[in-house]
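The values are calculated or read from the model by the stated rules, or taken from the named source; none is laboratory data. For clarity, every value in this text was computed on a predicted model and none was experimentally measured. Quick reminder, even Gly has a Cβ in these numbers, built from the backbone with ideal geometry, and neighbours come from all protein chains shown. Keep in mind that these areas ignore ligands, DNA and RNA; they rest on the heavy atoms of the full protein, side chains included. Shrake-Rupley method; radii C 1.70, N 1.55, O 1.52, S 1.80 Å.
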Amino acid sequence: MSTVAKRALLAGLRWTSLRLRLVVVFALVALTAAVSVAGIAYWLNREAVLTRTQDSALNDFRQAMQSRVATLPLQPTQTELQSAAEQMSATSASPGYSVLLVDSRDGGKPVVGYSDLDAFTLDDVPPKLREQVNREQPVTSGNAHPYHLFWVRANLRGTPYLVGGAKVIGGGATGYMLTSLKQERDDLNSLAWSLGIATGLALLGSALLAQAAATTVLKPVQRLGDAARRLGEGKLETRLRVSGTDELADLSRTFNRTAAQLEKKVADMSAREEASRRFVADMSHELRTPLTAITAVAEVLEDEADSLDPMIAPAVHLVVSETRRLNDLVENLMEVTRFDAGTARLVLDDVDVVDQVTACLDARAWLDAVELDATRGLMVRLDPRRLDVILANLVGNALKHGGSPVGVSVRADDGELVIEVRDHGPGIPDDVLPHVFDRFYKASASRPRSEGSGLGLSIAMENTLIHGGGITAANSPDGGAVFTLRLPRDLEPEEQSDDGQVRGQS
């Protein structure tokens, strides 16, 4: 995946995380507030509209009952009831209503008067309302009216209506009124639609505001993330432009102070490391001249050791061995400093790997102690001298810690050169395995003199890395340690890095 694609994916993930959550939270808050306000407004308007219509119709009906029905004679005729019902309906104020009057003759036979038989009949009166109206109501000092008025909202034939009823106490007709609430329902539906549209607009506006707010908040956070990423990539001069006095500005200032301190500490550490490398390089260089003289004298003493006093000969042999050991250490230190300084170079050549391995073993008289499993003709482009150093360290380490025979196998594997060095020793302890390539690391701290300088495997690893390869260490299931060297087969000489080292491609 390309860098641009990765950044686009990361930007998408960022948008779907914090930004989306901010927008959703803003939208939910706005939606809750808008729905709550709209619901309360609708409920208040509904009650106000219905109460106004209801009070107007019921008050007019009450006055009509007082002026029309209360003046009717006892046991009126159907004609009188019909006339009174029509007059009550005709003189009703807005909203108009239909009237139904019910009385009884001698023998309890009912007499009914309608203002509009098609619009309102006794069957349209809810049974519960008739039961409540016909219930006997006492006249008390707190309730001096000779009638009681009851009402109910009902749905008749799909249309909302207000149905009211009253009975003249002490004898008289019972009246019912019916007025349509269709206009009020239509007005309330229009109001509900208006409130719904207003809620949707509020939700949309809140989403836009949330997007703007999220952008305002997240842009500095995104800049901070980009700056932290550049800082992690080693661009220690990265700084943020600070403006304002809010918490994000304080965070940016803190980042700048941290980056400045980090840059200073890294610079100090780099300076100390460079000074340390120069010291090691200078020390190694200065030691080479006296070591050359000491080595020459030691070789002369070694040649004359047999003719020396038997009490002096062991000391001479010790001096000679330690001189050689010191000479190897200085050479290794010089090699390490070249790697650290970035001045190590590859001298590439097309070589037969098996010939190079055989030559390395023969030069050190290891042919009898090593079992070689390889086929000639495997040509690889690499640095022969550095391959010799790698093999010498790996095979020498196997002979020292695992004993002979040491198995060395050479093969080609998917464009790579693979060399395995296997011994039959006790293997590598699990706590030592991660550190076998560390400089100056020794598995036995109590025997520092018998384990070499501790630089051999690290130098082998450096020579492998400069080829673009790698070495892994593991324990074989059959016992013993296995070191696997992998090198690219097609290393190009022009692939040279900024630090002067040639890098290969695996």
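Across region 353-387, what is the number of residues that are over 18 Å from residue 470 (Cβ atoms) and assigned to a helix (DSSP H, G or I)?
Going residue by residue through region 353-387, those that are over 18 Å from residue 470 (Cβ atoms) are 354-379, 384-385.
Remaining after also requiring assigned to a helix (DSSP H, G or I): 354-363, 367-369, 384-385.
Residues flagged as over 18 Å from residue 470 (Cβ atoms) and assigned to a helix (DSSP H, G or I) within region 353-387 amount to 15.
Please go through (1) over 26 Å from residue 181 (Cβ atoms); (2) part of a helix (DSSP H, G or I); (3) among the hydrophobic types (A, V, I, L, M, F, W, C) for residue 65 and return the number of the only condition it doesn't satisfy.
(1)
Output the residue which, of all residues in region 209-234 that are modelled with pLDDT under 80 and hydrophobic (A, V, I, L, M, F, W, C), is surrounded by the fewest Cβ atoms within 10 Å (Cβ to Cβ).
Step one: filter region 209-234 for residues modelled with pLDDT under 80, giving 209-222.
Narrowing the set further to residues that are hydrophobic (A, V, I, L, M, F, W, C) leaves 209-210, 212-214, 217-218, 221.
Numbers: 209: 14, 210: 21, 212: 11, 213: 14, 214: 20, 217: 15, 218: 17, 221: 15.
The qualifying residue surrounded by the fewest Cβ atoms within 10 Å (Cβ to Cβ) is 212.
Pairs, please: C-beta under 7 Å, at least 6 apart or cross-chain, first residue at pLDDT 85 or above and in region 411-432, second among the aromatic types (Phe, Trp, Tyr) and open to solvent by less than 40 Å² (accessible area, probe 1.4 Å)?
Filtered contacts from region 411-432: 421/483.
Please work out which residue is farthest from residue 172 (Cα to Cα), limiting yourself to region 38-69 and to residues that are free of Cβ contacts under 8 Å to residues at least 60 places away in the same chain and among the β-branched types (Val, Ile, Thr).
40
Restricting attention to region 412-435, which residues are more than 23 Å from residue 459 (Cα to Cα) and open to solvent by 80 Å² or more (accessible area, probe 1.4 Å)?
Step one: of region 412-435, the residues more than 23 Å from residue 459 (Cα to Cα) are 412-415, 424, 426.
Result: 414, 424, 426.
Please determine, by comparing only the residues of region 121-136 that are open to solvent by 40 Å² or more (accessible area, probe 1.4 Å) and not basic (Lys, Arg), which one is modelled with the highest pLDDT.
We begin by selecting, within region 121-136, every residue open to solvent by 40 Å² or more (accessible area, probe 1.4 Å); these are 122-123, 127-128, 130-132, 134-136.
Going one step further and asking which of them are not basic (Lys, Arg), we end up with 122-123, 127, 131-132, 134, 136.
Details: 122: 81, 123: 81, 127: 86, 131: 82, 132: 80, 134: 79, 136: 68.
Within region 121-136, the match that is modelled with the highest pLDDT is 127.
Taking the conditions exactly as written (open to solvent by 30 Å² or more (accessible area, probe 1.4 Å) and on the phi < 0 side of the Ramachandran plot), does residue 76 satisfy them or not? Quick ask: steps written out before the conclusion?
Working: open to solvent by 30 Å² or more (accessible area, probe 1.4 Å): no; on the phi < 0 side of the Ramachandran plot: yes.
No, not satisfied.
Six or more apart or on different chains, Cβ under 8 Å: which pairs go from a residue in region 294-320 that's on the phi < 0 side of the Ramachandran plot to one that's assigned to a helix (DSSP H, G or I) and open to solvent by 80 Å² or more (accessible area, probe 1.4 Å)? Could you list them?
Note: pairs meeting the criteria are 295/324; 298/324; 302/317; 305/317; 313/306; 320/299.
Here is a yes/no grid of residues against (1) at pLDDT 85 or above; (2) more than 19 Å from residue 486 (Cα to Cα):
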site	(1), (2)
330	no, yes
334	no, yes
338	no, yes
342	no, yes
346	no, no
355	yes, no
358	yes, no
363	yes, yes
372	yes, no
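Out of (1) open to solvent by 70 Å² or more (accessible area, probe 1.4 Å); (2) touching a Cys at 6+ places or on another chain (Cβ under 7 Å), what's the single condition that is false for residue 367?
(2)
Going by the conditions given, is residue 403 closer than 13 Å to residue 481 by Cα, open to solvent by less than 40 Å² (accessible area, probe 1.4 Å), at pLDDT below 90 and over 49 Å from the mean Cα position of the chain (by Cα)? Break it down stepwise before answering.
Values: closer than 13 Å to residue 481 by Cα: yes; open to solvent by less than 40 Å² (accessible area, probe 1.4 Å): yes; at pLDDT below 90: yes; over 49 Å from the mean Cα position of the chain (by Cα): yes.
Against the criterion (closer than 13 Å to residue 481 by Cα, open to solvent by less than 40 Å² (accessible area, probe 1.4 Å), at pLDDT below 90 and over 49 Å from the mean Cα position of the chain (by Cα)), residue 403 qualifies.
Out of all the residues in region 152-181, which are charged (D, E, K, R) and free of Cβ contacts under 8 Å to residues at least 24 places away in the same chain?
Taking region 152-181 and keeping what is charged (D, E, K, R), we get 153, 157, 167.
Within region 152-181, just 157 meets the criteria.
Under the condition of being polar (S, T, N, Q) and open to solvent by 30 Å² or more (accessible area, probe 1.4 Å), which residue from region 162-208 is farthest from residue 46 (Cα to Cα)? Spell out the reasoning first.
Pass one, region 162-208, residues polar (S, T, N, Q): 174, 179-180, 183, 189-190, 194, 199, 206.
Then keep just the ones that are open to solvent by 30 Å² or more (accessible area, probe 1.4 Å); that gives 180, 183, 189-190, 194.
Details: 180: 15, 183: 12, 189: 10, 190: 11, 194: 14 Å.
My answer is 180.
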